[in-house]
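Reading through the structure tokens given below for one structure.
Here, each number is a calculation from the coordinates, and none is a lab measurement. Note that this is a predicted model, so its numbers are computed, not measured. Cβ sites come from the backbone with ideal geometry, for glycine too, and all protein chains shown count toward neighbours.
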Amino acid sequence: MTLLKREEWQGFVRDVDWTPTYVDYEAIYPEWHCGTGKVPREAWQGWEESYKVSYPEYVATQREKESSTYAVKAALQRSNTFQNLDEGWKSATKMHFGGVALVEYAAVLGELKMARFGLNGSWRNMATFGQLDEMRHAQITTFFGHEFVGQDAQYDWTQKTFHTNDWVPIALRNLFDGMITSPNVVDLAIELPFTFETGFTNLQFIALSADALESGDVNFANMISSIQTDEARHSQQGGPTMEILVEHDPVRAQWVIDKSFWGSARAFAALTGPAMDYYTPLEHRKQSYREFMEEWIIDQYIHTIEDYGLKKPWYWDEFITGLDTWHHGLHMGLWYWRPTTWWRPKAGVSKDERAWLASKYPNWENVYGDKWDVMIDQVNANNVEATLPETLPWLCSTCHLPCCNATPSRNGEWKVRTWQLDYDGKKYHFCTNACRQIFWKDRDNINHETLIDRFLAGQIQPMDVGGILNYMGMTPDTMGDDPDYGAWTRDYVGRAVEGLAAATVQVATQ
Amino acid sequence: MTQSQETVELGPEDRAPELVPLNAIFATDFVQILVPVTTADTMTEVAAAVAHHVEGKRVRARPYEKVVIHNGRVVPAEMTVAEAGIAPFDHIAVEYLIPKGAS
């Protein structure tokens with residue numbers, strides 16, 4: 001029997017569908033999962049992916065990708081590459097492994113939801129490939145991180161992170177439950193493939209890949225580049241969904257994309273910003289976080305939403321201003337609360353590093369230099385204890401990240417301001433105006449309790465630093481600490497200091 | 001014989017101190033923090049409780065009096081949390097009272 005040519009059958013099989021006669025359409029595609037809303041169901045018949053793929057092609061390509069990625073890994077296993085990597089770069093990879101491995105698994109569930117409830121056969125077909133992609137990503141990320149557990153116990157958090165109540169995975173669970181677990185498939189396709197994967201995974205996978213190669217971590221660069229090739233394909237589920245939604249309900253399209261862009265931007269400021277501007281060794285940095293955001297995220301995002309006839313989000317000015325502050329404040333918070341991290345956050349504020357930061361962010365010294373100077377002087381006074389936390393940072397009720405975004409006052413002083421809301425008998429605090437507005441517009445959605453909420457409700461016992469660290473799953477062997485205090489404080493040894501808190505005097509008792 | 005059913009409303013100063021968790025920011029610090037105080041604490045004590053986590057640790061200590069700002073007004077130093085009407089989860093700022101002419 002002669003095989004048909006690809007073009008003779010693909011147009012038919014890619015959108016195979018059925019017309020049900022024994023059950024109602026609504027029973028198979030319930031609105032609460034499908035979320036067609038104001039879009040007439042027949043409008044989804046026009047859904048068409050731009051890059052078409054068949055199952056045999058998919059399998060052949062994926063096999064090739066897997067083979068080459070694991071071949072590089074096997075070759076590098078015999079070298080001492082890992083031992084020679086900078087501690088800062090290792091921390092960037094620990095953040096990535098822990099913060100991403102199980103999010104990839106959550107994405108499997110999202111793709112499966114679209115594979116079941118997507119409103120067109122070709123959409124369901126694409127999502128079926130998408131869930132296979134995400135399964136591969138969960139596996140490859142977990143496997144690559146696992147290799148290092150024997151050499152450094154912090155890599156155990158590759159798998160452990162999302163099984164703990166550490167504040168970082170709580171923030172990420174809140175984001176991805178909102179983006180993947182709870183939405184109907186129309187919103188999901190706008191939030192995950194359209195906004196997060198088309199926009200933001202570029203940041204994690206292209207920027208970090210470049211920094212990985214510069215830092216000599218070929219294995220990591222190879223892994224995330226391999227993942228990115230899948231993202232580029234399955235993220236295209238967002239485009240056709242957006243086209244149809246914009247045509248029938250532009251207000252909803254604008255709201256869903258605005259909300260998910262903001263949440264993604266906040267998370268990346270915490271995870272990618274410090275990795276690019278502080279953890280990557282100075283000589284290996286390709287671009288600042290702000291430069292990368294401007295080139296790869298902002299320009300592309302604006303073009304994309306304008307192509308669909310949408311507007312810039314209402315919070316645009318606040319977002320652009322935040323490119324100079326969010327990740328610097330979050331970096332300081334991650335460093336100060338370092339016992340709550342599963343990596344070794346390096347401060348990265350030696351004189352040379354500060355000169356680089358000031359060249360990329362002209363206000364950096366004005367806003368952050370004075371705080372780092374006090375901590376530097378405390379380390380040089382042999383009082384590291386003063387640089388360790390005795391309470392919690394206040395966590396935003398929308399993004400669950402510390403409220404640490406300074407804005408300028410009329411007198412030129414930069415201050416962190418309160419954005420609060422009294423609602424339903426409770427007082428909420430937010431890190432930004434947009435986080436407060438998103439909470440208000442989305443208040444009927446289920447939100448996770450922040451770590452502050454849990455602590456004040458008595459869920460964390462005993463109510464002290466030890467109790468909090470235990471609740472977060474922190475153990476002494478994996479708890480974060482600065483990898484090299486001298487690296488960023490020795491430039492300042494011997495300078496005159498004043499205004500330091502005294503060291504706690506330990507008095508031995510008989 | 002009947003007993004008087006009259007009840008007496010106790011003032012804040014007569015009640016046992018209760019815990020009041022606050023959202024606080026100290027001067028030019030980079031982050032809001034959780035600071036637990038009690039209804040019986042004076043503003044001087046509240047300012048000290050907030051300063052304990054920041055002053056000389058992230059913000060250089062200055063030789064000036066510290067004041068508590070709640071709902072946009074400076075609360076008198078001797079006033080207690082209960083008297084000032086500061087409730088759980090409220091936001092307060094602690095600032096140095098810098099004399100005119102001082103840098």
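Rounded to the nearest 5, what % of DSSP beta bridges with both residues in chain B are antiparallel?
Approximately 75 percent, going by the DSSP bridge assignments.
Just grab the label-to-label distance for A:W440 and B:E6, each label 7 Å out from Cα along the Cβ direction, in nm (one decimal).
4.8 nm
Take A:N363 and A:D177, extend 7 Å from each Cα along the Cα→Cβ direction, and tell me the distance between the two endpoints in nm.
Result for the modelled spin labels: 3.4 nm.
Assuming R0 = 35 Å, what is the FRET efficiency of A:E26 and A:I320, from their Cβ-Cβ distance, to the nearest 0.05?
Values: r = 44 Å, r/R0 = 1.25.
Rounded to the nearest 0.05, the efficiency is 0.20.
Can you return the lysines within cross-link range of A:K65? Criterion is Cα-Cα under 21 Å, with same-chain partners fewer than 8 residues away left out.
Excluding near neighbours in sequence, the set is A:K52, A:K73.
Would you list the membrane-span-like helices of chain A, meaning whole DSSP H runs whose alpha-carbon atoms span at least 27 Å along their axis and whose mean Kyte-Doolittle value is at least 0.0? Before the final figure, lay out the partial values.
Values: long enough: A:55-77 (33 Å, -0.82); A:87-117 (45 Å, 0.23); A:121-146 (38 Å, -0.53); A:250-274 (35 Å, 0.13).
Span-like helices here: A:87-117, A:250-274.
Which value in nm describes the separation of the simple spin-label points at A:H448 and A:L112, placed 7 Å from the Cα toward the beta carbon?
So the label points at A:H448 and A:L112 sit 2.0 nm apart.
Cross-link partners among aspartates and glutamates for A:K427, C-alpha distance below 15 Å, same-chain residues fewer than 8 apart left out?
A:E449, A:D453, B:D90
Could you work out [θ]222 nm for chain A from helices alone, using -39500 (n - 2.57) per DSSP H run of at least four and dividing by all its residues? Round to the nearest 500 deg cm²/dmol.
Numbers: 23 runs with 254 residues, N = 510.
It comes out at -15000 deg cm²/dmol, rounded to the nearest 500.
I'd like to know which of B:T38, B:I86, B:I69 lies farthest towards the positive end of the charge dipole of the range B:21-103, counting +1 on Cβ of Lys and Arg and -1 on Cβ of Asp and Glu.
So the residue we want is B:I69.
Ranked from highest to lowest mean number of other Cβ atoms within 10 Å per residue, what is the order of the peptides A:365-375, A:105-115?
Values: A:365-375: 19.4, A:105-115: 20.9.
For the peptides A:365-375, A:105-115, the packing ranking is A:105-115, A:365-375.
Within a 10 angstrom radius of each residue's Cβ in A:414-420, how many Cβ atoms of other chains show up on average? Whole number is fine. Walk me through the intermediate numbers first.
Working: counts 2, 7, 8, 4, 8, 1, 4.
Neighbouring Cβ atoms belonging to other protein chains average 5 per residue here.
From the cross-link list A:K38/A:K113; A:K312/A:K426; A:K113/A:K160, which pairs have alpha carbons spaced over 27 Å apart? Walk me through the numbers before you get to the answer.
Details: A:K38/A:K113 20 Å; A:K312/A:K426 32 Å; A:K113/A:K160 25 Å.
Over 27 Å Cα-Cα: A:K312/A:K426.
Multiplying the sequence separation of A:N382 and A:V218 by 0.36 nm and subtracting their Cα-Cα distance, what value in nm do you get? Write down the numbers at each step before the final one.
Details: separation 164, 0.36 × 164 = 59.04 nm, distance 3.80 nm.
Difference between extended and current length: 55.2 nm.
Work out the charge dipole of chain A with +1 on the Cβ of Lys and Arg and -1 on the Cβ of Asp and Glu about the Cα centre, then indicate which of A:A74, A:N382, A:S215 is farthest towards its positive end.
A:N382
Between A:Q459 and A:K351, 0.36 nm times their residue separation minus their Cα-Cα distance comes to what? Could the numbers behind the result be given before it?
Values: separation 108, 0.36 × 108 = 38.88 nm, distance 4.30 nm.
Using 0.36 nm per residue and subtracting the Cα-Cα distance, I get 34.6 nm.
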